[in-house]
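Engineer: Before I ask anything, let me first share the structure, which is written out below as structure tokens.
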Amino acid sequence: AAGVWVCPCLVDFFFPPLGLSTQPIWRKLWDDVMKTRPPNSENITCWRKKFLETFFSNVLHGVLDVSSDWRLNDHHFSPLLHSSPHVSQLTLCNMLQGAVELTAEHNQKVLENLASSLRILKFQHLLSSDQSIRRSLVLLLHRLIHHGSVSQVSMYSWPVPDTVLLVLILSMSAGFWRSGNALAYHSGPCGLCREEDKAQSQESAQEQAERGRYDERKWSDGENQKGSPRAPEAADAEVNGYGADTCLTSVLSRPRSPPLQNQSCEEASSKVPCDHTSSQGRSRCVSDQLSRYPVIRKTRRRLKSAVGKKRRCLRRSRGPYADPEDLYDFVFTVAREDNSGGGSAGIFSLKAAHRFRSVSTLELFSIPLTGETCRTLSNLLSSWVSLENLVLSYNGLGANIICILSGLRALSRHSDCHLRVVRVSDVFSHMPCMELVRCILSAFPQLHTLSVSFDLKNQLEGNRPEGNPSCSEVEIPESCLEQLEIRFPREPLHTTFLLPVLKASKSLQQLSLDSATLPSSQELGLLLEALKECNPNLKKLSFHDVNLAEHQKEVLLLLQDPVLQEITFSFCRLFESSTTEFLSEIINTVKRNSSLKSLKLPGNRLGNHRLVALADIFSEDSSSSLCQLDVSSNCIKPDGLLEFTKKLEGHIQQRGGQIQFTHLRLFQNWLDQDAETAQEALRRLKAVCSVVNDSWDSSQAFADYISVM
């Protein structure tokens, strides 16, 4: 940018020449400056982006001392300022020191850059904070979310969450903020808010002028009409305030400015119910309008007495997904001020809050949610119409899942609801998985992805509902569902319960069933028939930790399906009681299937001899189009991998080098038992396809396995 000084040594780094790849330079720069090995380096596609984001974060949190590198040790160079335009995701942790630093006066330009560049904001391992730190966080969230570009907020690993801090982050992510002296910017209210208020005032003045001209024309037209004198009753009604409803209807039904700049109000409520109801038909507060339109101003006192209850005006949502309804009936019930370490800054009544832009993705990982917090989240969800992706993972919801469902049902009643992805996972299930699936899908037929995952059944069997008629018997409308993932806590997989979901999901393309038990030998066959009948567009099917040892016929039927493109049998004990003929049948079936692109067989104890046999899938007489093969966790040793490689090379040579095989996954195999042989096999394999493996210690893994037997 013009006028910005940049250290000459860093020109090529921050402003690389067009058309020249600087990836090797950035990789070398990482080694020189960071002096650490980046995690998952094989998945890094842009080293420039990776370096600059990590550089910014490390400087912000004091992990990196720029004075230790001669290229960065220049008083003209501002590490945060020059790297901030390249930061698209940022993680704040511990005591939120980063929030305090970013909202400091000298970093105002840095914060402006982040407001444009930042898309993902993460919080990890947070600790309790005092009021001054929370104030800094409020300023940061207001700038980055309400007046910025952040679209995703994710929170991780918070074993004992500070209720005040948690609710603050949730509410501001949902677009709520109480502006005022306590939370003002350094010398006054937010400048961007002032600009919006000024624009709104100018627009209101224009509306008032237009209304005056309209009333003048109307009066003139009435005077010119002969034989139609004004009814004295109507005139008296207007003077006395009885005609105000007509005037208000005229005012509120005219074309309005964008919903972000409008106001709405609801009656106060001292409780936080879980069962949300529609607020259509409720009165709207028009105190602002009263000062703008002379006709209405006369009736202000009479209007307020007619309403009979105190109302407050609220600015409507500042974003494309604004909605005037719902949330204003609910008031937060969170921890008392004497339990929150210096007051409840950030905790406020929704009726006292302004509505701003909100994020579209909310993720909560390993954060216990109490009943109180769940009610707050439920209230926020009930009108969070901008929300597209919701992930609740290991939050200890228990019976509070009902409260969350209530908020989601209220959200579903909004015509402009954008929710498309819901993922819920936890240790214990409070209700059967299929019942939860039906609850969510019946309320949100527009979902594209639904994932429900539980590890164990509820230990308190007496408190676990066997069935909820409102969910188990509800009819599921035709849905847009494309991806369905269910992890059963060792529950029986009954096709009769799954069938209504499959019938309603004609667009289903991916289905994953995990940790289910098959109650009878016919159950898998019934499932395959249902899939063939109800889901003709299914492209990916996955079974994980489902015992298929006695279902060889159904396995072969799946492998010859002409529509499926990806099949996963993960830890399914395929060869536990099989013969060599079964492996040959699998190979011949895959060889004849030209639609199957990916076959994943991790954790099925293939061993060396079965791996070598699988190379025949790519023989000269094969019509297979298989591109990806996953044989992770299959007790494969280096000599077996080398033999597989030689056999594969022979088939490729016979086919004149024409082969579609591109990816082989080898995670967690016994390749460390002979490093030299393993390296030779991998070297030769990488000349054929992309190989993904890891440096796994098989001896330690075996010791761990023995220790838990």
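Engineer: With a cut-off of at most 15 other beta carbons within 10 Å, and DSSP calling the residue loop, which chymotrypsin sites (Phe, Trp or Tyr not before Pro) in region 525-597 qualify? Please list them. Please report the intermediate quantities before stating the final value.
Structural biologist: Values: sites: PHE543, PHE569, PHE571, PHE575, PHE582; in loops: PHE571, PHE575.
Sites meeting the loop and neighbour criteria: none at all.
Engineer: Filter the chymotrypsin sites (Phe, Trp or Tyr not before Pro) in region 63-164 down to the DSSP loop ones having no more than 15 other Cβ atoms within 10 Å, then list what survives. It would help to have the intermediate numbers written out before the result.
Structural biologist: Working: sites: TRP70, PHE77, PHE123, TYR156; in loops: TRP70, PHE77.
In loop regions of region 63-164 (DSSP not H, G, I, E or B), the sparsely surrounded chymotrypsin sites (Phe, Trp or Tyr not before Pro) are TRP70.
Engineer: By how many nm would the segment from SER595 to GLN124 grow when fully extended, if each residue of separation counts as 0.36 nm and the alpha-carbon distance is taken off? It would help to have the intermediate numbers written out before the result.
Structural biologist: Details: separation 471, 0.36 × 471 = 169.56 nm, distance 4.31 nm.
Length gained, SER595 through GLN124: 165.2 nm.
Engineer: What do you get for GluC sites (Glu not before Pro) in region 573-603 restricted to DSSP loop and a cutoff of at most 13 other Cβ within 10 Å of the site's Cβ?
Structural biologist: GLU576
Engineer: So if we plug the beta-carbon distance of ASN547 and ASP69 into 1/(1 + (r/R0)^6) with R0 = 41 Å, what FRET efficiency do we get, rounded to 0.05?
Structural biologist: Values: r = 56 Å, r/R0 = 1.37.
Rounded to the nearest 0.05, the efficiency is 0.15.
Engineer: With a ≥ b ≥ c taken as the square roots of the eigenvalues of the C-alpha gyration tensor of region 599-709, please select rounded if a/c is under 1.5 and otherwise prolate if a/b is larger than b/c or oblate if it is not?
Structural biologist: Numbers: a/c = 2.39, a/b = 1.86, b/c = 1.28.
Taking the square roots of the gyration eigenvalues as a ≥ b ≥ c, region 599-709 is prolate.
Engineer: Which far-off residues, 5 or more places away or on another chain, put their amide H under 5 Å from the one on HIS354, with H placed in the peptide plane?
Structural biologist: It is TRP177, ARG178, SER179, by chain and number.
Engineer: Counting Lys +1, Arg +1, Asp -1, Glu -1, what net charge surrounds ARG605 among other residues with beta carbon under 12 Å of its beta carbon? The partial results should precede the final answer.
Structural biologist: On the way: positive: ARG573, ARG610; negative: GLU576.
Taking every Cβ under 12 Å from that of ARG605, the sum is +1.
Engineer: For the peptides 523-534, 35-46, what is the packing order when you average, over each peptide's residues, the other Cβ atoms within 10 Å and list the highest mean first?
Structural biologist: Working: 523-534: 17.2, 35-46: 9.9.
Per-residue mean Cβ counts within 10 Å order the peptides as 523-534, 35-46.
Engineer: Where the centroid of each part is defined by its Cα atoms, how far is region 524-592 from region 636-703 in Å?
Structural biologist: A separation of 25 Å, based on Cα centres.
Engineer: Now for a different question. Just subtract the alpha-carbon distance of LYS686 and HIS609 from 0.36 nm times their residue separation and send over the number in nm, one decimal. It would help to have the intermediate numbers written out before the result.
Structural biologist: Numbers: separation 77, 0.36 × 77 = 27.72 nm, distance 2.11 nm.
In short, 25.6 nm is gained.
Engineer: So for region 465-558, what are the equivalent ellipsoid semi-axes in whole Å, largest first, each being the square root of 5 times an eigenvalue of the Cα gyration tensor? Could the numbers behind the result be given before it?
Structural biologist: Values: eigenvalues 88, 62, 27 Å².
They are 21, 18, 12 Å, listed from largest to smallest.
Engineer: At R0 = 51 Å, how high is the FRET efficiency between ASP621 and ARG194 if r is their beta carbon distance? Nearest 0.05 is fine. Please report the intermediate quantities before stating the final value.
Structural biologist: Details: r = 76 Å, r/R0 = 1.48.
Computed FRET efficiency for ASP621 and ARG194: 0.10.
Engineer: Then there is this: For the pairs LYS597/LYS646; LYS506/LYS553; LYS539/LYS600; LYS506/LYS540, flag any whose C-alpha to C-alpha distance is greater than 19 Å. It would help to have the intermediate numbers written out before the result.
Structural biologist: Numbers: LYS597/LYS646 22 Å; LYS506/LYS553 26 Å; LYS539/LYS600 14 Å; LYS506/LYS540 14 Å.
Those over the limit are LYS597/LYS646; LYS506/LYS553.
Engineer: Shifting gears a bit: Along each of its three principal axes, how wide is the spread of alpha-carbon positions in region 509-580, in whole angstrom units, largest first?
Structural biologist: Extents along the principal axes: 32, 25, 19 Å.
Engineer: Then there's this: Give me the net charge for the shell around THR677: Cβ to Cβ below 14 angstrom, other residues only, Lys and Arg +1, Asp and Glu -1. Please report the intermediate quantities before stating the final value.
Structural biologist: Values: positive: LYS637, LYS646, ARG683, ARG684; negative: ASP639, GLU643, ASP672, ASP674, GLU676, GLU680.
Surrounding charge for THR677 is -2.
Engineer: By the scheme Lys and Arg +1, Asp and Glu -1, what is the net charge of all other residues having a beta-carbon under 11 Å from that of ALA443? It would help to have the intermediate numbers written out before the result.
Structural biologist: Details: positive: ARG409, ARG413, ARG438; negative: none.
Residues near ALA443 contribute +3 overall.
Engineer: Still on this model: What does the C-alpha gyration tensor say about the overall shape of region 88-163? Classify as rounded when a/c is under 1.5, otherwise prolate if a/b is larger than b/c, or oblate.
Structural biologist: Here region 88-163 falls in the oblate category.
Engineer: Separate question: When a/c reaches 1.5 or more, the comparison of a/b and b/c decides; with that in mind, is region 87-128 rounded, prolate or oblate per its Cα gyration tensor? Numbers along the way, then the final one.
Structural biologist: Working: a/c = 3.94, a/b = 1.31, b/c = 3.02.
Note, shape of region 87-128 comes out oblate.
Computed from the coordinates by the stated procedures, all read-outs in this text should not be read as laboratory data. These numbers were taken from a predicted model, which means no experiment stands behind them. Glycine also receives a Cβ, built like all others from the backbone with ideal geometry; neighbour counts cover every protein chain displayed.
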